[in-house]
Structure formats: structure tokens, C-alpha cells
Amino acid sequence: MGQKDIMNAKRAEFLQKFQEKYAVCNCKGLLKHDISKPEEMQKILDEGLYSICKRTTSADH
């Protein structure tokens, strides 16, 4: 098994555990706001939640 395969297996394991704990792994689901709607995005920014979501989901994109 090569290094890439090992890392992909670790990523898959992490995503599985994350989804077991949080049920979703996207910003909309984690924040319970839709970032495509300006008024909801503003709430996210005002509450300082976007940076958390961005860090949490960035490996998934």
C-alpha cells in the first residue's frame, strides 16, 4: 500500500467518525444556516462561525 493509499484510508476513517458524531460534513449542515442566502451568511459572519466551518470542511473540498 502506497503513501497515497494510506492517506486516503485515514481520510475516509476521519470522515466516517466525523459523520457519526455530527451527521453532516458541510457548512450548511454544521451551521444550520444556508451560506448562499445573504441574510443567513451575515448571521454566520456576525457570530464568527464561518472560520470554524471553513477550517472544519476545507479538507473535504
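The values are calculated or read from the model by the stated rules, or taken from the named source; none is laboratory data. Please read all numbers here as calculations on a predicted model, not as lab measurements. Neighbour counts run over all protein chains shown; Cβ positions are idealised from the backbone, glycine included. Each accessible area value is taken on the protein alone, full model and side chains, heavy atoms only, with ligands, DNA and RNA left out. Shrake-Rupley method; radii C 1.70, N 1.55, O 1.52, S 1.80 Å.
Assorted remarks:
For every residue, the table says whether it meets (1) surrounded by 12 or more Cβ atoms within 10 Å (Cβ to Cβ); (2) in contact with a Lys or Arg (Cβ under 6 Å, 6 or more places away or on another chain); (3) modelled with pLDDT under 90.
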| residue | (1), (2), (3) |
| --- | --- |
| Ala12 | no, no, no |
| Lys17 | no, no, no |
| Gly29 | yes, no, yes |
| Ser36 | no, no, yes |
| Glu47 | no, no, yes |
| Cys53 | yes, no, yes |
| Ser58 | no, no, yes |
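- Cβ-Cβ distances below 7 Å connect the following pairs, each with a first residue in the range 1-26 that is outside any helix (DSSP H, G or I), a second residue that is open to solvent by less than 100 Å² (accessible area, probe 1.4 Å), and a separation of six or more residues or different chains: Val24/Leu30; Cys25/Leu15; Cys25/Phe18; Cys25/Gln19; Cys25/Thr57; Cys25/Asp60; Asn26/Thr57.
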